[in-house]
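Here is the structure we will look at.
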Amino acid sequence: MSDYNLILNKIKRFCAYQERCHKEVIIKLKSIYAKNDQISKIVSDLIKENYLNETRYAVQYANGKLRIKNWGRVKIKYNLRQNNISEWNINNAFKEINDNDYNKIFNSLFTKLLMKYDNLNSQKKKKKIYDALIYRGWEKELIFKKLNEV
């Protein structure tokens, strides 16, 4: 088996394990010392064989980060951009997120934070909750609206 085929098979397993973006695959290829001319050919082959699909990656990434890490759209969008995902794919991923689910996750997280900082005075509690939600990438308008209800 040629050097190229060994690298291709290794990268196919890497992509089959979980969804990957082009940037992750290129970094992995460089880490296993693939030559530059091999990298573009391998990426092309992976796309043709549907191991690499950035639209699918963006949707799974957005849903995973929302449901598992309770990230908001701001942080998800920032991280997708860091992985060189196109605006079209980012917007497409956000269309796949159900608004009711998004709001339920936000409200659940807000309630947890409200209980966590229950012992603080009103101003400090609001500041802690605001900081925690901003850190997780939730929209300011959503946070302010909810804080004003408290």
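Consider residue 120 against the criteria (1) at pLDDT below 95; (2) exposed (fewer than 13 other Cβ atoms within 10 Å of the Cβ); (3) not polar (S, T, N, Q): it satisfies all of them except one. Which criterion is unmet?
Among (1) at pLDDT below 95; (2) exposed (fewer than 13 other Cβ atoms within 10 Å of the Cβ); (3) not polar (S, T, N, Q), residue 120 violates only (2).
Here's a check for you: in segment 78-100, which residue that is assigned to a helix (DSSP H, G or I) and in contact with a helix residue (DSSP H, G or I) (Cβ under 8 Å, 6 or more places away or on another chain) is surrounded by the fewest Cβ atoms within 10 Å (Cβ to Cβ)?
Ranking the candidates gives 81 first.
Name the residues in segment 110-127 that are touching a helix residue (DSSP H, G or I) at 6+ places or on another chain (Cβ under 7 Å) and either touching a residue at least 40 places away in the same chain (Cβ under 8 Å) or farther than 15 Å from residue 148 by Cβ (or both), would you?
113, 117, 120
Can you find a residue that is under 16 Å from the mean Cα position of the chain (by Cα), at pLDDT 95 or above and surrounded by fewer than 16 Cβ atoms within 10 Å (Cβ to Cβ) anywhere in segment 123-132?
no
Within segment 42-55, is even one residue surrounded by 15 or more Cβ atoms within 10 Å (Cβ to Cβ) and either of a type in the set (D, E, K, R) or modelled with pLDDT under 95 (or both)?
The answer is yes; a qualifying residue exists.
When you check residue 75 against the structure, is it in contact (Cβ under 8 Å) with a residue 24 or more places away in the chain, part of a helix (DSSP H, G or I), surrounded by fewer than 17 Cβ atoms within 10 Å (Cβ to Cβ) and not assigned by TED's automatic domain parsing to the domain that holds residue 132, yes or no?
Here the answer is no, as residue 75 does not meet what is asked.
Scan segment 103-127 for residues that are farther than 18 Å from residue 75 by Cα and either among the basic types (Lys, Arg) or touching a Lys or Arg at 6+ places or on another chain (Cβ under 9 Å) (or both) and jot them down.
If the condition is that a residue be farther than 18 Å from residue 75 by Cα and either among the basic types (Lys, Arg) or touching a Lys or Arg at 6+ places or on another chain (Cβ under 9 Å) (or both), then 112, 113, 114, 116, 117, 118, 119, 120, 124, 125, 126, 127 are the ones that fit.
The values are calculated or read from the model by the stated rules, or taken from the named source; none is laboratory data. Quick caveat: nothing in here was measured; it's all calculated off a predicted structure. Using ideal geometry, Cβ is built from the backbone for each residue, glycine included, and neighbour counts are taken over all protein chains shown.
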